[in-house]
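Written out below as structure tokens is the structure these notes cover.
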Amino acid sequence: MRVILFGATGMIGRGVLRECLLDERVTAVLAVGRSATGVSHPKLREIRHDDLLDLSPVEGELGGYDACFFCLGVSSAGMSERDYRRVTYDFTLAAGETLARLSPGSTFIYVSGVGTDAQGRAMWARVKGLTENALLALPLEAYMFRPGYIQPMHGVTSRTRLYRVAYVVTRPLYPVLRRFFASGVTTTERIGQAMIAVAERGAPKRTLGPTDINAL
């Protein structure tokens, strides 16, 4: 399968990119983003594009792909709802609407989060919920991944300093978390592998939590 990946320089995106490059079922990966991944691989091609709200200058390169793994995101900490919505909703729908037009029926996997709720009290939960609903209304095979705690694997790190520190502190505790809170934890490796599995054969439901991700 041929995959488009948004957010390949973030923690989840780098983990997903690694799994795509290792998996024989994935024959080509197109990474689209504002920064280079720094990864060199025969299957990987990159498009550097600054304005993710307007993909028209590069949309000629986006057709003919089987799946899109949308891992681009940002922490809501310290952000206004307007700014958070711009990155979370507007960027995502710009990609979703473009791919729905170029490759209707293709798979689109969006990384959301546990607690997402379009009617929720938390700003981030509402915005992500609205984003999910908008994607599910498009002519795509759209799936929402809602991970909880994500353990970075294989040298993958978060770009957010506070998260990097938190992961260093919690890394020794991950086996305990996995044993006693298995329904709420996953890894960057499992997320990548689950995305490939969903792109290949679908999933029994459109919204997938940590347990579903791990099972896939």
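Quick notes on this one:
- Taking every alpha-carbon pair within region 20-67, the share separated by more than 17 Å comes to 38 percent.
- The simple spin-label model puts a point 7 Å past each Cα toward its Cβ; for residue 39 and residue 81 those points are separated by 3.6 nm.
- Computed from backbone phi, the HN-Hα couplings of region 52-63 come to 7, 7, 9, 9, 4, x, 10, 5, x, 9, 9, x Hz, rounded to whole numbers (Karplus: 6.51 cos²θ - 1.76 cosθ + 1.60, θ = phi - 60°; Gly and Pro given as x).
- Label-to-label distance, residue 201 versus residue 133, with points set 7 angstrom from Cα along the beta-carbon direction: 3.4 nm.
- Percent accessible area from carbon and sulfur atoms, region 114-157, protein chains only, probe 1.4 Å: 54 percent
- Counting all C-alpha pairs of the chain, share separated by more than 23 Å (%): 43 percent
- Counted over region 32-145 with a bin width of 10 Å, the fraction of Cα pairs per bin, in whole percents, is 13, 44, 34, 9, 0.
- Restriction of the trypsin sites (Lys or Arg not before Pro) in region 1-74 to DSSP coil positions whose beta-carbon has at most 14 other beta-carbons within 10 angstrom yields 25, 34.
- Heavy-atom accessible area per residue - region 30-112, 1.4 Å, Å²: 47 Å²
The values are calculated or read from the model by the stated rules, or taken from the named source; none is laboratory data. Values in this document were obtained by computation on a predicted structure and should not be read as measured data. Glycine gets a Cβ as well: all are built from the backbone with ideal geometry, and neighbour counts include every protein chain shown. Side chains included, ligands, DNA and RNA excluded: accessible areas come from the protein's heavy atoms. Shrake-Rupley method; radii C 1.70, N 1.55, O 1.52, S 1.80 Å.
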